[in-house]
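Reviewing the structure listed below.
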Amino acid sequence: MQLTASTRQLIGKRARRLYREGKLPAVVYGNKATPTALTLDRLEFQKVFIKSGRTHLVDLVVDGKTEKVLVREIQTHPRRLGPIHVDFYQVNLAEKIHVEVPVHLIGESAAVKRGEKAAMFIFDEELGLLLTRAKGIGIDLQAMREANKLVIEQMDAAELTPGEFSHRVRRCVDRDNATVVAIDSLNGYQAAMSEEQFVTLHIHELLQYLNRRGAATFLSIAQSGMMGDMRQPVDITYLADSVILMRYFEAFGRVRRAISVVKKRTGGHEDTIRELMITSKGLVLGEPLKEFQGVLRGVPTFVGQAVAAVGET
């Protein structure tokens, strides 16, 4: 991947005219080099950045001289689409550097790859639709079922008692030796037990049993509402060893997803909030959302460098 740039003479507020000309102001620094102001084609940069991101080296050609660089920072405008300034970091190939990379989650789970068996109990989705949607993001649940690595049971919320559900989960662990159990979701479980007054106690008892059997249990729960002030119908966070929170938020005319670990009982954990993307190649965890404040409220405030950065460079 290659980008062509030229040294820039316009600095400060005068650099704003470059945006109207389809150009993008930039700066390159690092590797003991003197910071140099640059100009490059905005559309060319966007095409390259789609492939490179912040983790792949780019050949930056400046006045005929080529340097290996990484995209370090991209400054945006709260009301404009696309970047308004870019920072490149010149890399010394003989030295180690630390970069944050997105994580793509595809294929089989780690438990299945180890030869363990997993079990899913679904309340909220028709089985055929679940298999189709999972395959669409690179997860072939049907192949795991046919290989006898995964058991999926669809729960009928209209014909289920707490005792019957607990029995079916225990049978799957005891008879089929499932070591990973997923219940999707507690909203559906609660709907099935709408006349039951002690839903949390039933869940507590079941989780204690699964813990004694050495099974890892994953519970999903949908909060009421889409954005803003959101609440969950059942509070079982005190029972969980780890809590992962996913939220929708609006930014720059797009509805985006954020994910964060808010609790881990057995040790430290990353406290950043990252963007979550669902693609045909799997789940993608992006970089920390450092330029937003209030993401977990659903309507964040942009606090990154924007217009001022153009005038200062």
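Quick note: the coordinates plus some simple rules give every number you see, no bench work behind them. All figures in this text were calculated on a predicted structure; none of them were measured in a lab. Note that we place each Cβ from the backbone using ideal geometry, even for glycine, and neighbour counts take in every protein chain shown.
Key figures for this structure:
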quantity	calculated
Ala119 long-range amide H proximity, modeled H, under 5 Å	Val151, Val180, Val181, Ala182
Gain upon complete extension [Glu125, Asp176; 0.36 nm per residue less C-alpha separation]	16.1 nm
Cross-link pairs Lys23/Lys290; Lys117/Lys263; Lys32/Lys281 - those with Cα-Cα distance over 31 Å	Lys32/Lys281
For segment 106-168 and segment 249-300, distance of Cα centres in Å	26 Å
Additional length obtainable on full extension of the chain from Thr55 to Tyr209, 0.36 nm per residue less Cα span	51.0 nm
Listed peptides 23-35, 242-254 by packing density, highest first (mean Cβ within 10 Å)	23-35, 242-254
Two-site FRET efficiency, Thr161 against Asp235, from Cβ-Cβ distance with R₀ of 22 Å, rounded to 0.05	0.45
